[in-house]
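Visitor: Structure incoming, see below.
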There are 2 protein chains.
Amino acid sequence: MGRAVCYPARGLLLLLAVLWSAEGGKLLVVPVDGSHWLSMKILAEELGQRGHEVVVLVPEASILIKGSDLYKTVMFAVPYSKEEVAGNIGMLKDSVFHNGSHQEGLLINIERIKMFQAFQARGCESLLYNSKLMAQLEREEFDALLTDPFLPCGVIIAEKLAIPAVFFLRGVPCGMDRMAAQCPSPPSYVPRDFTDNTDHMTFPQRVQNLLSALLQPMLCRMIYSSYDELASRYLQRDISFQELLSHGAVWLLRYDFTFEYPRPLMPNMVLIGGINCGVKKGLPVELEEFANSSGEHGFVVFTLGSMISEMPLEKVNQFAEALGKIPQKVIWRFTGPTPENLSANIKLMKWMPQNDLLAHPKARVFMTHGGTHGIYEGICSGVPMVMLPLFGDQADNVQRVASRGVGVVLNIHDMTSQSLLDALNTVINDKSYKENMMRLSTVHKDRPIEPMDLAVHWTEFVMRHKGAEHLRPAAHDLNWIQYHCLDVICLLVVIVIAVTLVTVKSCAFCFRKCCRRSERKRKSD
Amino acid sequence: MGRAVCYPARGLLLLLAVLWSAEGGKLLVVPVDGSHWLSMKILAEELGQRGHEVVVLVPEASILIKGSDLYKTVMFAVPYSKEEVAGNIGMLKDSVFHNGSHQEGLLINIERIKMFQAFQARGCESLLYNSKLMAQLEREEFDALLTDPFLPCGVIIAEKLAIPAVFFLRGVPCGMDRMAAQCPSPPSYVPRDFTDNTDHMTFPQRVQNLLSALLQPMLCRMIYSSYDELASRYLQRDISFQELLSHGAVWLLRYDFTFEYPRPLMPNMVLIGGINCGVKKGLPVELEEFANSSGEHGFVVFTLGSMISEMPLEKVNQFAEALGKIPQKVIWRFTGPTPENLSANIKLMKWMPQNDLLAHPKARVFMTHGGTHGIYEGICSGVPMVMLPLFGDQADNVQRVASRGVGVVLNIHDMTSQSLLDALNTVINDKSYKENMMRLSTVHKDRPIEPMDLAVHWTEFVMRHKGAEHLRPAAHDLNWIQYHCLDVICLLVVIVIAVTLVTVKSCAFCFRKCCRRSERKRKSD
């Protein structure tokens, strides 16, 4: 007795927590198909492992979302086939290999995502109006919903079921996530999406960044216009995606400041960058042998991501030519026909254990398109990069990596086999790339708590407390005039003008009085 | 083999980390005397415990800073006695018990702190110009410096010794900490110090808050003017305290959002609210018996903090009268003469183990002046409060607590024994106070990592990496015109005006041309 932890009230609290944890919560997961699912799946499985009942909503035409022992899946019908989904995702990468003017970049990106979203909205609509399924979900009384708000369907479902939402994401186009979370992002040092700016900008870059900050939100609201309409119709009140987003309880953000430029955060933003590179398995025997056979030169890991399976023959030959000329071995994830000029040092694979390969001590360079999963796997394992961004946020991503001096960026359109060879040789032979990358890797991994534990804690927190109300800023209760104090500023300006006017008029009046008096005096004189 | 953790490079990194941790770092601590030291001491001891060499700089006239087995102390001479320090601190509480107009509050607070700082600056000066001691500190080659920047001396020493600084604080007056950290604080929902505003403001309150946001920084720079002069003279270049503050590597902030209103944070801000209530010991036998003898009614813990030892007899009698009328027992920390009307249920103590008392299951109410240490101890143990703020940030603190429905605020000037009795009865008998407090306490303690582990990690991080450069926003490299994009806005306004003028002039020109032509035509007709 005497020690506070033994007191009954404290014991009761602890017991309740243990009981809750033993019982576990009920979590509904509304994922985004494709690469977005790959890291969310790790969290869903971990939560299942920790005794929660995790239910994942899977569209019938899903490409990557599969079942697991650790979570349940609930399938729902969508008005399109798996092939159409593949085509829709393929549309995103259309014209990646067709050179266009640099200025078109932003508009093309936005237009592509808008078409992608409009297609996905059809699937969402068929889910929302599946009254049997929705009634079943309502009966289940979930404690929380986990979703990647890149696709807004989960956000609408959370609102309909009136359960708190945990967001798991790299970002929503044009910084809509930051706007919805009421997170200040001064355009003077927080670069906007698709601008190629860093956090250190010249005057013209700041002009461009401010204009982007002003225009992008409007452009990007267009991306989600089909969802705005769907949400308003379904929830039977006028509501936008951005407003729905603002109801999120906790934002699990898949980055940290070894990748992203330092900038303001809100209390309910939790950084979990690198969550995807925690779990490592050994390499298969054959691959381990190939990797070790690379000797002192080591090997290059090359992939352009899960969404690019084919590319023009000309590009394939350029890659094969350059990679054939380096002393390193190369493991190249490539699903197209084997190029004719393929050297013996290159091993083609339809799929490869990227994270485990990068963690191999002989990994010298990571050739990547710059998706955040791959970038974090490279950072975790300390492998410098040659980066060839293709679409979406990849140009922004690789620019962040390059600004740390841990990689080189190539434009896939202008690239020649010689420029690729030069880039590879630079990253391999200039020791600064490896040194910078090892430093970045050390800093990234020097953290007080693992990103997975953070993600699990905050998801459980939201389940336990039905939200995270104490982290919600009062800014959400203000309109933008109030938020920026424009009404107060107007009042102050009016007061200043009034005071100035009254002062000037009074002075003028006094002055005239004096003049008249002296005039009269002069006349009488 | 196979598992990534066994690879040599990774092993080497791990080994280096272990070696570093075994060797430990060297940390210089420049504390603030008085209650500020109480929680910093816990961190200093913990760091000593974990194998670091911790050196604490102690002024000869120190009141509360004592030696320990876990850290070394280095004494330095100051041009004043212990009594003068007590007098200087006493000056802060002067007129606490003399009623003044509410409007004077801000100016009195600022004036008092300015005088306090000017006094302390004399001690700082004698430390800085103690060339033998400073040379010794330089030779020691510390990895980092830990200080509470409420007194700027540590910040100046860090700059002189060119070592990274870790700040440990509740705040710097007038939000100078937030300004120095480049942390946005929209005045529309982030209440300014000494304003009594919450995060939900009416229009007049927003007017007051915006004016405070505009004026306070100027007023508060006055507080530190003696240090600005001292720093510039000592470092031999023109530098302000705010600029020195902006060089801080990591900010360990002694609050979280169960106490503070949710608002933006910067990447190098780490919330460690409640760090002081982690360590609990059992009560001494006599006190445990007294506490248990309180039966079902429980007991009240009453203290006005370490800085108030005496108060007017009238107030003492009011307290004694009200506390004598409740069925609870009372433990009252009071160093003055025993009041005549003291009831048997009240136990006076010169010092009391406040945290351990609050952790006792029979603790019903905490009567406090609203210092953050006490408030967090109350939150940790789930004890609702009756609060009597005296000076400094206490009015702001108690207002945050009251806004959560976990306590009642009394004005110590207007207080009568009846109003105190009413407040006590409200908090004891209205179950909502206890329920809200238990909820707040649960939320406060439901965290992924303990505040002490966070504080230790980030101090060690700064020691290991000689700073936390990756968390430093680029905003520090901009002047305020650039930060707010005023130059860009000017350019855009000029362009808009120019385009408008040219358009209007062109239209006018065309219009005149057309008119003339039609006039000529009419004439010729």
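The values are calculated or read from the model by the stated rules, or taken from the named source; none is laboratory data. What you see is a predicted model, and the numbers here were worked out from it, not measured in a lab. Because the Cβ atoms are built from the backbone with ideal geometry, glycine has one as well, and the counts that use them run over all protein chains shown. We work out accessible area using only protein heavy atoms, side chains counted, and drop any ligands, DNA or RNA first. Shrake-Rupley method; radii C 1.70, N 1.55, O 1.52, S 1.80 Å.
Visitor: Any idea what the relative contact order of chain B is, in percent, if you count C-alpha pairs under 8 Å spaced at least 6 apart? Walk me through the numbers before you get to the answer.
Guide: Numbers: 782 pairs, mean separation 71.2, N = 525.
After rounding, I find 14 percent.
Visitor: What is the extension gain from A:TRP351 to A:MET91, computed as 0.36 nm multiplied by their sequence separation minus the C-alpha to C-alpha distance, in nm to one decimal?
Guide: Working: separation 260, 0.36 × 260 = 93.60 nm, distance 2.19 nm.
Extra length from A:TRP351 to A:MET91 when fully extended: 91.4 nm.
Visitor: Taking all pairs of distinct Cα atoms, average 1/r, flip it, and tell me the Kirkwood hydrodynamic radius of the range B:411-485 in Å to one decimal place. Could the numbers behind the result be given before it?
Guide: Details: mean 1/r = 0.0558 Å⁻¹.
17.9 Å is the Kirkwood radius here.
Visitor: Could you please state, rounded to a whole Å, how far the C-alpha centre of the range B:426-492 is from the C-alpha centre of the range B:317-374?
Guide: Using only Cα atoms, the two centres lie 34 Å from each other.
Visitor: From the label point of B:GLU340, set 7 Å from Cα along Cα→Cβ, how far away are the matching label points in the other copies, in nm, ordered shortest to longest?
Guide: 11.5
Visitor: On to the next question. With a 1.4 Å probe, how much accessible area is buried between chains A and B, both sides summed, in Å² to the nearest hundred? All intermediate terms of the calculation are to be shown ahead of the outcome.
Guide: Working: alone 25550 and 25540 Å², together 45400 Å².
Approximately 5700 Å², summed over both chains.
Visitor: Let me know the mean shielding of B:206-214 by other chains, meaning the per-residue number of their Cβ atoms within 10 Å of its Cβ. Numbers along the way, then the final one.
Guide: Values: counts 6, 7, 1, 2, 5, 2, 0, 1, 1.
Counting other chains' Cβ atoms within 10 Å and averaging over B:206-214 gives 3.
Visitor: Then there's this: Size of the protein assembly as shown along its principal axes in angstrom, Cα-based, largest extent first?
Guide: Sorted largest first, the three principal extents are 103, 102, 71 Å.
Visitor: Under a straight-distance cross-link criterion of Cα-Cα below 23 Å, which lysines are reachable from A:LYS347, leaving out those fewer than 8 residues away in the same chain?
Guide: A:LYS280, A:LYS281, A:LYS315, A:LYS325, A:LYS329, A:LYS362
Visitor: Within 10 Å of each Cβ in peptide B:463-473, how many partner chain Cβ atoms are there on average? Round it to a whole number, please.
Guide: Numbers: counts 0, 3, 4, 0, 0, 4, 3, 12, 5, 2, 9.
Mean partner shielding for this stretch: 4.
Visitor: With a Förster radius of 51 Å, plug the Cβ-Cβ distance of A:VAL74 and A:GLN205 into 1/(1 + (r/R0)^6) and report the FRET value to the nearest 0.05. Display every interim value, and only then the final one.
Guide: Working: r = 47 Å, r/R0 = 0.93.
The calculated FRET efficiency here is 0.60.
Visitor: Could I ask something else about it? What number does the range A:169-232 give for Rg over Rh if you use C-alpha atoms and the Kirkwood radius? Can you show the working numbers first?
Guide: Details: Rg = 12.8 Å, Rh = 12.5 Å.
That ratio is 1.02, to two decimals.
Visitor: Where the label is 7 Å out from Cα toward Cβ, how close does B:CYS490 come to the same position in every other copy, in nm, shortest first?
Guide: For B:CYS490, the inter-copy label distances come out at 2.8 nm.
Visitor: Mind listing the label-point distances from B:ASP196 to the same position on all other copies, shortest first, one decimal in nm, points 7 Å along Cα→Cβ?
Guide: Ordered by increasing distance: 5.7 nm.
Visitor: Which semi-axes, in whole Å and largest first, does the equivalent ellipsoid of the range A:273-339 have when worked out from the alpha carbon gyration tensor as the square roots of 5 times its eigenvalues? List each step's numbers first, then the result.
Guide: Details: eigenvalues 106, 70, 24 Å².
Those come to 23, 19, 11 Å.
Visitor: Hey, any idea what % of chain B's accessible area is carbon plus sulfur with a 1.4 Å probe? Mind showing how you got there, number by number?
Guide: Details: 13180 of 22690 Å².
Taking all protein chains in place, chain B shows 58 percent carbon and sulfur surface.
Visitor: Hey, with R₀ at 30 Å, roughly what FRET efficiency would B:ASP422 and B:ASN341 work out to, going by the Cβ-Cβ distance, to 0.05? Kindly include the intermediate steps, with their values, before the conclusion.
Guide: Numbers: r = 19 Å, r/R0 = 0.63.
In this case the efficiency is close to 0.95.
Visitor: Run the dipole for the range A:285-445 about the Cα centre, Lys and Arg Cβ at +1, Asp and Glu Cβ at -1, nothing else charged, and hand back the magnitude in debye, nearest 20.
Guide: Details: 14 positive and 16 negative charges, 81 e Å.
Using only the charged Cβ atoms, the result is roughly 380 debye.
Visitor: Please give the residues from the range A:258-280 for which the solvent-accessible area of heavy atoms, probe 1.4 Å, is smaller by at least 10 Å² with all protein chains in place than with the chain isolated.
Guide: Buried by the other chains: A:PRO262, A:ARG263, A:PRO264, A:LEU265, A:MET266, A:PRO267, A:LYS280.
Visitor: Now for a separate question. Just tell me which aspartates and glutamates come within less than 12 Å, Cα to Cα, of B:LYS445; anything on the same chain fewer than 8 places away is out.
Guide: Qualifying aspartates and glutamates at Cα under 12 Å: B:ASP256, B:GLU377.
Visitor: Please give the net charge around B:GLY295, taking every other residue with its beta carbon less than 12 angstrom from that of B:GLY295, where Lys and Arg add +1 and Asp and Glu add -1.
Guide: Working: positive: B:LYS329, B:LYS362, B:ARG364; negative: B:GLU296.
Its environment carries a net charge of +2.
Visitor: Do any GluC sites (Glu not before Pro) in the range B:106-161 lie in a loop, going by DSSP, with at most 14 other beta-carbon atoms within 10 Å of their beta carbon, and if so which? Don't jump to the answer; show the numbers that get you there.
Guide: Details: sites: B:GLU111, B:GLU125, B:GLU138, B:GLU140, B:GLU141, B:GLU159; in loops: B:GLU141.
Hits after loop and neighbour filter: B:GLU141.
Visitor: Compute the Kirkwood hydrodynamic radius of the range B:285-445, taking the inverse of the mean of 1/r over all pairs of distinct Cα atoms, and give it in Å to one decimal.
Guide: Details: mean 1/r = 0.0646 Å⁻¹.
For the range B:285-445, the Kirkwood estimate is 15.5 Å.
Visitor: In Å², and per residue, what accessible area does the protein assembly as shown have when probed at 1.4 Å with the other protein chains present? List each step's numbers first, then the result.
Guide: Details: 45400 Å² over 1050 residues.
Accessible area per residue: 43 Å².
Visitor: In addition: Mind giving me the FRET efficiency for A:GLU435 and A:THR198? R0 is 25 Å, r the Cβ-Cβ distance, nearest 0.05 is fine. Display every interim value, and only then the final one.
Guide: Numbers: r = 21 Å, r/R0 = 0.84.
Step by step, r from the Cβ atoms, then E = 0.75.
Visitor: Once every Cα of chain A carries one equal point scatterer and solvent is ignored, give the base-10 log of I(q)/I(0) from the Debye formula at q = 0.09, 0.10 Å⁻¹, two decimals.
Guide: Values returned for q = 0.09, 0.10 Å⁻¹ are -0.72, -0.87.
Visitor: What distance in nm separates the two pseudo spin-label positions at B:THR503 and A:ASP453, each 7 Å out from Cα along the beta-carbon direction?
Guide: Rounded to a tenth, the inter-label distance reads 6.0 nm.
Visitor: Summing +1 for each Lys or Arg and -1 for each Asp or Glu, what net charge is found among the other residues whose Cβ lies under 15 Å from the Cβ of B:MET266? Please list the in-between numbers first.
Guide: Numbers: positive: A:ARG178, A:ARG263, B:ARG178, B:ARG263, B:ARG472; negative: A:ASP199, A:ASP256, A:GLU260, B:ASP177, B:GLU260, B:GLU469, B:ASP477.
Counting the neighbours of B:MET266, the net charge comes to -2.
Visitor: Follow-up question, since we're still on this one. In degrees from 0 to 90, rounded to the nearest 10, what is the angle of the helix A:104-128 Cα long axis to the longest principal axis of chain A?
Guide: Value to nearest ten degrees: 80.
Visitor: Hey, another quick one. Once you place label points 7 Å from the Cα toward the Cβ at A:LEU492 and A:LYS82, how far apart are they in nm?
Guide: Calculated label separation equals 6.2 nm.
Visitor: Further, regarding this structure: Residue by residue through B:476-487, how many Cβ atoms from other chains fall within 10 Å of the Cβ on average?
Guide: Values: counts 2, 3, 6, 0, 1, 1, 6, 3, 3, 9, 1, 4.
Taking the mean over all residues of the peptide, I get 3.
Visitor: For the range B:95-229, with equal point scatterers placed on the C-alpha atoms only and solvent neglected, what are the log10 I(q)/I(0) values from the Debye formula at q = 0.11, 0.15 1/Å, to two decimals?
Guide: Debye output, listed in q order: -0.51, -0.84.
Visitor: Continuing with the same structure: With viscosity set to 0.692 mPa s at 37 °C, what whole-number translational diffusion coefficient in µm²/s follows for the range B:209-277 from Stokes-Einstein and a Kirkwood radius over Cα pairs? Walk me through the intermediate numbers first.
Guide: Values: Rh = 14.6 Å.
Value of D from the Cα-based Kirkwood radius: 225 µm²/s.
Visitor: Would you list, by chain and number, the lysines whose Cα falls below 18 Å from the Cα of B:LYS82, excluding same-chain residues fewer than 8 positions away?
Guide: Cross-link targets: B:LYS66, B:LYS93.
Visitor: Under Stokes-Einstein, with the Kirkwood radius over Cα pairs standing in for Rh, what whole-number D in µm²/s applies to the range A:201-327 at 25 °C and 0.890 mPa s?
Guide: On the way: Rh = 20.7 Å.
In µm²/s, the coefficient rounds to 118.
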